[in-house]
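S.K.: Before we start, here is the structure in question, set down as structure tokens.
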Amino acid sequence: ISIGSRFHNLNVQLQYSYTDESISGHQMKYDPITKIITRRPENLDYTKNITLSASLPVDIFKNWKSRWFGAFLYLDIKDKNGLTYSGPSFQTNTSHTITLPAKTSIDLNALYFHKKQDGIRVLNPLINVNIAIKKQLQNNGILSLGVDDVFDTFKFGDETELRQAQYLIKAGIDFSHTTFKVGYTHNFGNQKLKKVSERKEIDEEKRIQN
């Protein structure tokens, strides 16, 4: 079930879902006979999810455009052993483009995921920030210099409470580090024809509005 509404530039959406016999991946499983713990997909009794999200574009300054997104989630999960796991979560991301003189711009993207229930495990908070500087050249090319995972915080981790075995297992993986990138993009094609086409589209939109 999904209900959405728009107030000027603000988009708001409320969603509810119920999944019977759901399957959640990468779950910890304890074998009491072999005393071995494995990670594999796990069948659940059900999964309930309530999500309230909102997005909004914001012009901070004339040359600084941004977009914001945020979502509040509440998950209720029951496994095949009759145990329930539930909890709230929050996530947000934002993107910014700052236009500078000399056909130069700065792009900034950031995201934050609060800890979240995923099956019987809990995903740890996640943060990531990327930034890039772009320069448009006279030959229709774009030169870019960027940094991914600026603060080296893009690390995945989770915790699983195996209640029957009375274990609390913590796991993590770090396959992303701060990375510097240099790129070049060239736009092929007749730029004069492209500008004429764009001009005609703008004139047609004005004619329809009038």
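The values are calculated or read from the model by the stated rules, or taken from the named source; none is laboratory data. This structure is a prediction, so every number in the text was calculated from the model and none was measured. With ideal geometry, Cβ positions are generated from the backbone for all residues, glycine too; neighbour counts draw on all protein chains shown. Heavy atoms of the whole protein, side chains included, go into the accessibility calculation; ligands, DNA and RNA do not. Shrake-Rupley method; radii C 1.70, N 1.55, O 1.52, S 1.80 Å.
S.K.: Take the residues in region 64-96 that are buried (at least 16 other Cβ atoms within 10 Å of the Cβ) and closer than 13 Å to K115 by Cβ, then tell me which one is farthest from the chain's Cα centre (by Cα).
M.R.: Y85
S.K.: Which residues, counting only those in region 124-180, are open to solvent by 50 Å² or more (accessible area, probe 1.4 Å), over 17 Å from D107 (Cβ atoms) and outside any loop (DSSP other than H, G, I, E, B)?
M.R.: Residues satisfying the conditions are I127, F156, E159, E161, Y167, L168, K170, G172, I173.
S.K.: So, in region 21-49, of the ones that are of a type in the set (A, V, I, L, M, F, W, C) and farther than 17 Å from G119 by Cβ, which residue ends up most open to solvent (accessible area, probe 1.4 Å)? Full working, then the answer.
M.R.: Kept after step one, since they are of a type in the set (A, V, I, L, M, F, W, C), are these residues of region 21-49: 23, 28, 33, 36-37, 44.
This time we only want the ones that are farther than 17 Å from G119 by Cβ, so: 33, 36.
Working: I33: 149, I36: 91 Å².
Looking at residues that are of a type in the set (A, V, I, L, M, F, W, C) and farther than 17 Å from G119 by Cβ, I get I33.
S.K.: Since T34 meets every condition but one in (1) part of a strand (DSSP E or B); (2) free of Cβ contacts under 8 Å to residues at least 40 places away in the same chain, which condition does it not meet?
M.R.: (1)
S.K.: Kindly provide the set of residues from region 139-171 that are at pLDDT below 85 and of a type outside the set (A, V, I, L, M), ordered by number.
M.R.: Hits for region 139-171 are N139, N140, E161, R163, Q164, Q166, Y167.
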